[in-house]
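A.B. asks: Okay, here's the structure, questions in a sec.
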Amino acid sequence: MKLGKVIGRVVSTVKHHSFENRPLLLVQGLDENQQDSGAPFVAVDIVQSGQGDLIFYECGKEAGFAMDTLSPCDATIIGHVDAIQLEGDA
């Protein structure tokens, strides 16, 4: 799993049937210090995320496993982050 932040929404009028009724969101990957890491990418949202949400996601083959049916997606948002505590934080 990887850490990211939702930075936008992608609108698509035509998409693969496995993405029907699933929002496509623009995600910025984050490092352990919550700083931008890499280029933004599109991810399928299965947990009702919104702009500004801190999320965790999966990429590659594992991203398709998170969907109800096997899907040809490269990235899937699979959860919301409530808090981050690094080792040594009180």
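Quick grid of which residues meet (1) surrounded by 14 or more Cβ atoms within 10 Å (Cβ to Cβ); (2) at pLDDT 95 or above; (3) part of a loop (DSSP other than H, G, I, E, B):
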{"site": "LYS5", "(1), (2), (3)": "yes, yes, no"}
{"site": "GLY8", "(1), (2), (3)": "no, yes, no"}
{"site": "VAL14", "(1), (2), (3)": "no, no, yes"}
{"site": "GLN28", "(1), (2), (3)": "yes, yes, no"}
{"site": "ASN33", "(1), (2), (3)": "no, no, yes"}
{"site": "GLY38", "(1), (2), (3)": "no, yes, yes"}
{"site": "GLU62", "(1), (2), (3)": "no, no, no"}
{"site": "CYS73", "(1), (2), (3)": "yes, no, yes"}
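A.B. asks: Next question, about the same structure. What residue, among those in the range 16-26 that are surrounded by 12 or more Cβ atoms within 10 Å (Cβ to Cβ) and over 16 Å from the mean Cα position of the chain (by Cα), is nearest to THR69 (Cα to Cα)?
C.D. replies: Step by step, filter the range 16-26, then rank; the result is SER18.
A.B. asks: Would you mind telling me which numbered condition in (1) in contact (Cβ under 8 Å) with a residue 40 or more places away in the chain; (2) outside any strand (DSSP E or B) ILE55 fails?
C.D. replies: Just one mismatch for ILE55, condition (2).
The values are calculated or read from the model by the stated rules, or taken from the named source; none is laboratory data. No experiment lies behind these values; they were computed from the predicted model shown. We place every Cβ from the backbone using ideal geometry, glycine too, and count neighbours over all the protein chains shown.
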